[in-house]
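Below: the structure, in structure tokens.
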Amino acid sequence: MKRIMIAAPASGSGKTLLTCGLLKVLKEKYQNIISYKCGPDYIDPMFHRSVIGIPSLNLDTYFQSQEEIKVLLSNDAAFAVMEGVMGIYDGLGGTSEEGSAYHLAKLTDTPIILVMDAHGMGKTMVSILKGICADDTNHLIRGIILNRTSISFAEKMRPLIEAEVKRPLLGVLPKLSGINLESRHLGLKLPDEVPQLQKQLEIVADAINKSIDVAQLESLATDSVFETVCEENHTVNRKEQNKLTLAVARDEAFCFYYEQNLEAFRKKGVEIIEFSPLHDDALPACDGVLLGGGYPELCAKELSENHRMLSDIRKKFTAGLPTLAECGGFMYLHERLKNRDGEAYQLVGAIPGETFDTGKLCRFGYVSIEIEDWLIRGHEFHYFDSTNNGADAILTRPATGQEYRAMHKGKNYLWGFAHLYYPSAPELVEWFVKQMEGYHGKFI
């Protein structure tokens, strides 16, 4: 599989826009293309999926071993585009290579195309590019694309860049009228919130075809192979009467899920169905519930007014329905959510207390989570905090060693702000499936 990574000096450089536009261009050339996102981000893969129509997987050198990453890259697709994370060398705590886009490229021998926001810059961009390329010890940066500058100015800079940086300038993504992927506190707005997204991406793809040498970019992609241990198929096949169903919240308020997490349940023979805490009147028939992250704070009024759903969830949780809740889902389970204006909204009430807007990034970064005999890898990124974070797990920041207690763990539930990467602790999925089996047995 030919593959390439789009990386940048910093967040906000245009990685997602270029990646989506490039996927749209390549989709016209190849029947089978796929995409990956470096790091723990949820939103960028949604944009990828809006282009190629299939899930984009996360590749993360903190969550996954090198062998796991290689297995995830073992695919019969013709072409893969990886989107980097933050700045190219930004890893754990911002000071380590581990977890960075460059670390992933190095482990997978993937060529990097560096996109740089050149707006408002002249020769200074050459100095920045030279500095970045000086740290490219594995010689993975193979080409450069300038963003938000004119084609004529890029051509003026070409001789200087290529002479001093020693990398080809593949072209420019000029500033395009009406193209704007807006951001907010947790990252880009969701694809469904972007007006005429597909039309915008068509304009970007057209600009790429006109002002970037796509053929040269394709020639820089690698099709080098690496040995992998064949992953045995351990998918559980359940008899019809023993079918298990996991209800996953997915709507405007809850939508942050790693595809690999859902796949971990599918391999246990669990059927995934979706429901909306915003729009549905009740939970679907199910043996367990997963409430993922998202933006419940933006939909707090609507969530609190859906009394039938709140009542049904309370009733079934009391009856022992197994539940997993992360970040936004954890917030939803509290008695109240209080926004920045001090307005409080009544929610499920399974957790005594309230969540509240701190007005700043409260906790951010990778965490190692120790719960009983489990050791799970995860990530936190939230502006809200809770008056009742729980104390059933020890969370450790790998970059600093800082430890603190959080999360609620019971016989059939696990709730907390941390987003968990389930394949890092298969015993977590095993435990939850057993709880689902026990619940299912009571009602069949």
- What FRET efficiency would be calculated for the residue pair LYS442, LYS360, taking the C-beta separation as r and a Förster radius of 51 Å, to the nearest 0.05? 0.70
- 5 angstrom amide H check on CYS255, placed H, neighbours 5+ away: GLY293, GLY294, TYR295
- Task: Which order do the peptides 402-411, 96-105 take when ranked by the mean count of other beta-carbon atoms within 10 Å per residue, highest first?
- Result: 96-105, 402-411
- In a Gaussian network model of the chain with springs linking alpha carbons closer than 10 Å, the residue among HIS139, HIS48, HIS234 that fluctuates most is HIS234
- Item | Contact order normalised by residue count of the range 324-444, Cα under 8 Å, 6+ apart, percent | 23 percent
- Taking a crude spin-label model, label points 7 Å out from Cα along the C-beta direction, the LYS239 to GLU370 distance in nm is 4.3 nm
- Query: Rolling a 1.4 angstrom probe over the protein heavy atoms, how many square angstrom per residue are accessible across the chain?
  - Reply: 43 Å²
- At 222 nm, what helix-only mean residue ellipticity would the chain give, in deg cm²/dmol to the nearest 500, using -39500 (n - 2.57) for each DSSP H run of four or more? -9000 deg cm²/dmol
- A chain fully extended from THR318 to SER152 at 0.36 nm per residue, minus the present Cα-Cα distance, gains in nm 53.2 nm
- Item | Out-of-range pairs (alpha-carbon distance over 29 Å; input LYS239/LYS411; LYS156/LYS210; LYS268/LYS442; LYS199/LYS301; LYS27/LYS360; LYS243/LYS301) | LYS199/LYS301; LYS27/LYS360; LYS243/LYS301
- Message: If you take every residue apart from ASP251 with its C-beta less than 9 Å away from the C-beta of ASP251, what net charge results, scoring Lys and Arg +1 and Asp and Glu -1?
- Response: -2
- Item | Set of aspartates and glutamates with alpha-carbon distance to LYS29 below 19 Å, sequence-local pairs under 8 removed | ASP76, GLU202, ASP206, ASP213, GLU218, ASP223
- Note on the structure: In nanometres, the difference between 0.36 nm per residue of separation and the alpha-carbon distance of ALA285 and GLU28 is 88.4 nm
- With the Cα gyration tensor of the range 1-102 giving a ≥ b ≥ c as the square roots of its eigenvalues, does the rule (a/c under 1.5 for rounded; else a/b larger than b/c for prolate; else oblate) give rounded, prolate or oblate? oblate
- Can you give the accessible area of LYS301, probe radius 1.4 Å, in Å² rounded to 10? 100 Å²
- In order through the range 339-352: 3J(HN,Hα) via Karplus (6.51 cos²θ - 1.76 cosθ + 1.60), integer Hz, x for Gly, Pro: 8, 5, 8, x, 7, 10, 10, 6, 10, 5, x, 5, 10, x
- Remind me, relative contact order of the range 290-357 in percent, using alpha carbon pairs under 8 angstrom and six or more residues apart? 36 percent
- Just need the relative contact order of the chain here, percent rounded to a whole number, with Cα pairs under 8 Å and 6+ apart. 13 percent
- Between ARG308 and ALA78, the FRET efficiency computed from the C-beta separation at R0 = 35 Å comes out, to the nearest 0.05, as 0.15
- Query: With a ≥ b ≥ c the root eigenvalues of the C-alpha gyration tensor of the range 34-164, is it rounded (a/c under 1.5), prolate (a/b larger than b/c) or oblate?
  - Reply: prolate
- Message: In whole percent, and with a 1.4 Å probe on the protein chains, what portion of the accessible area of the chain is carbon and sulfur?
- Response: 48 percent
- Query: Is the range 277-330 best put as rounded, prolate or oblate by its Cα gyration tensor, with a ≥ b ≥ c the root eigenvalues, rounded for a/c under 1.5, and otherwise prolate when a/b is larger than b/c, oblate when not?
  - Reply: oblate
- Please compute the net charge surrounding GLY120, taking Lys and Arg as +1 and Asp and Glu as -1 over other residues with Cβ under 14 Å from its Cβ. +2
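The values are calculated or read from the model by the stated rules, or taken from the named source; none is laboratory data. Bear in mind that the values here come from a model prediction, so they are computed numbers and not experimental data. Cβ: placed from backbone, ideal geometry, glycine included. Neighbour counts: every protein chain shown. Note: accessible area is taken over every heavy atom of the protein model, side chains too, but ligands, DNA and RNA are not part of it. Shrake-Rupley method; radii C 1.70, N 1.55, O 1.52, S 1.80 Å.
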